[in-house]
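A short write-up of the structure that comes next.
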Amino acid sequence: MDTLIEIIYYYNYLVLFYFLVIVTIYLLLNAISFRNISRYSKKVKFVELKEIFRLHNFKPITVIVPAHNEENNIVQSVHSLLQLEYPDYQLIVVNDGSTDDTMQLLFDNFKIRQSSFSPYYEIKSKPIKAVYLSSAYPNLVVINKENGGKADSINAAINI
């Protein structure tokens, strides 16, 4: 019986030693990690978004906005999209056969004028009535087309 008590006694010390070693290793790893993270954070400089765009490591993008009877919020939506802070983007608003004053509001607020166009692609879509460019916002294009739905409007914008 004494040998069993001795074995349990030494086993308890072995378990205690094991946990002390594990805790010591974890504390050491945490200390090393904290030191490396603090060194790294001192090296890293925060960069303004405009400084990143000076690097010219970006691709131009096109934002397509299908609009059907959106007279209540089309002006605010287009103004907010024109405020994007991206160096090279184009905003295409597609009037999908609206029966309200959507086109008139675009004329009044964005100084658009009709432009000649030839389709770049030939994706099937409803006929395009006219394409307009804005003299106030050079990256704004407005397409007026027959009603065909949201997907049809996107296809028309891709064609232009």
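Values in this text are rule-based calculations from the coordinates and carry no lab data. Here the structure is a predicted model, which means the values were calculated and not measured. Cβ sites come from the backbone with ideal geometry, for glycine too, and all protein chains shown count toward neighbours.
The mean sequence distance of close C-alpha pairs (under 8 Å, at least 6 residues apart), as a share of the length of the range 1-138, puts its relative contact order at 18 percent.
Counted over the range 1-141, the DSSP beta bridges are approximately 35% antiparallel.
Taking the average, over residues, of other Cβ atoms within 10 Å as the packing measure, peptides 124-131, 34-41, 112-119 rank 124-131, 112-119, 34-41 from highest down.
Between the range 127-160 and the range 95-120, the C-alpha centres lie 7 angstrom from each other. Highest mean first, the peptides 10-23, 95-108 sorted by other C-beta atoms within 10 Å per residue fall in the order 95-108, 10-23. Taking only alpha carbon atoms, the chain gives an Rg to Rh ratio of 1.53, where Rh is the Kirkwood radius.
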